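Asks: Sending over a structure as structure tokens; questions will come in a sec.
The values are calculated or read from the model by the stated rules, or taken from the named source; none is laboratory data. These numbers come from a predicted model, not from an experiment. Counting neighbours? That spans all protein chains shown, and the Cβs are built from the backbone with ideal geometry, glycine included.
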């Protein structure tokens, strides 16, 4: 091994160690965050990870509590197989470990997505993804939405290379939060059937079955426990920080919170009908991904990490001045919220309801401004 490779390895090891240490310190400095629900769920998998009482008692026994009562993970049982390593860690170690994993995944997905879109610049994707508001928000709370990003990115890459068995297997990662990219998953189903790419669907189903069986072995009652818990939170009346949530807040009518999701389904039907014969995941798929998140009924600002591949495509193939301007403006909203400046002016957790739509508009305007260049991957015409 050459001296240069050894030096690079040591630098990477040092950077990873520093990041882990930063995560460990942050876990003590910040109040207990979302990661606690996954950490508690992994520890309680043999009992009932969906029991509010058990989760609350468990967290308090270690001196941690998100709130009273504690927040319980809402992810389906198959997701427990992916977070099981938290069972063997303290909360602080788990937070630091997940921060390190998340940074690696986000940076890697940004680089791969950028390459997929034709951008050969090595540093720009990493620089942009680490300054991306959803990345900061995700790292601060220890969310597992990063697994959805990983599943989406690997599906885009592997389906392009016709590695369908792997594409479907990694796509199953998105099922930790399928509601965030519902339209995207429906588009995959429609495309797989039309293109007769049955291996993607079969591999996706088998992967979910394997993780589900694994969890069932540990807790045979896990799905009944999840269904019982799902009935509790299904009747919630809390608005979420997105377009639907804002419609709910303004009107006072909860039914309007579902309007963007329904409108998105109608749009997808029309969009698929128009482009099914020449479907391209690097163009049409990016639009559907952005619309999925913008129309999601149940989503938070950190969930917008999943549209990173689309933004990398906009950066690679669109007007960069417009992209960077819009990127700065939207991220400024995140900065105002995270720093609590918006809170001092009376704006609560709904402050970032507009950001998912802003990323969609950014994508469309960036690529539309380069109309006429045949190397571009998407335009307003494609989105109509």
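Asks: Right, residue 107: modelled with pLDDT under 95 and in a helix (DSSP H, G or I) or not?
Replies: Yes.
Asks: Go over the candidates 86, 58, 95 one by one and state the one that is free of Cβ contacts under 8 Å to residues at least 40 places away in the same chain and either buried (at least 19 other Cβ atoms within 10 Å of the Cβ) or farther than 22 Å from residue 298 by Cβ (or both).
Replies: None of the other options fit; the residue is 58.
Asks: State whether the residues of segment 58-74 include one that is part of a helix (DSSP H, G or I) and out of contact with any helix residue (DSSP H, G or I) (no Cβ under 6 Å at 6 or more places or on another chain).
Replies: yes
Asks: Could you tell me whether residue 233 is out of contact with any strand residue (DSSP E or B) (no Cβ under 6 Å at 6 or more places or on another chain), loosely packed, with under 14 Cβ neighbours inside 10 Å and within 24 Å of residue 43 (Cβ to Cβ)?
Replies: Values: out of contact with any strand residue (DSSP E or B) (no Cβ under 6 Å at 6 or more places or on another chain): yes; loosely packed, with under 14 Cβ neighbours inside 10 Å: yes; within 24 Å of residue 43 (Cβ to Cβ): yes.
The answer is yes for residue 233.
Asks: Hey, does segment 8-15 have a residue that's assigned to a helix (DSSP H, G or I), crowded, with 19+ Cβ neighbours inside 10 Å and modelled with pLDDT of 80 or more?
Replies: Checking segment 8-15: not a single residue is assigned to a helix (DSSP H, G or I), crowded, with 19+ Cβ neighbours inside 10 Å and modelled with pLDDT of 80 or more.
Asks: For a quick check of your reading of the model, give me the residue pairs whose first member lies in segment 150-174 and is touching a residue at least 12 places away in the same chain (Cβ under 8 Å), whose second is surrounded by fewer than 23 Cβ atoms within 10 Å (Cβ to Cβ) and not in a helix (DSSP H, G or I), with beta-carbon atoms closer than 7 Å and at least 6 apart or on different chains.
Replies: From segment 150-174, the pairs are 164/197.
Quick grid of which residues meet (1) touching a helix residue (DSSP H, G or I) at 6+ places or on another chain (Cβ under 6 Å); (2) part of a helix (DSSP H, G or I); (3) without any contact (Cβ under 8 Å) to a residue 60 or more places away in the chain:
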{"position": "202", "(1), (2), (3)": "no, yes, yes"}
{"position": "228", "(1), (2), (3)": "no, yes, no"}
{"position": "231", "(1), (2), (3)": "no, yes, yes"}
{"position": "255", "(1), (2), (3)": "no, yes, yes"}
{"position": "260", "(1), (2), (3)": "yes, yes, yes"}
{"position": "266", "(1), (2), (3)": "no, yes, yes"}
{"position": "271", "(1), (2), (3)": "no, yes, no"}
{"position": "286", "(1), (2), (3)": "yes, yes, no"}
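Asks: Give me the residue from segment 61-83 that is touching a residue at least 24 places away in the same chain (Cβ under 8 Å) and either over 23 Å from residue 214 (Cβ atoms) or more than 19 Å from the chain's Cα centre (by Cα) (or both) and, out of that set, surrounded by the most Cβ atoms within 10 Å (Cβ to Cβ).
Replies: Across segment 61-83, the extreme among qualifying residues is 70.
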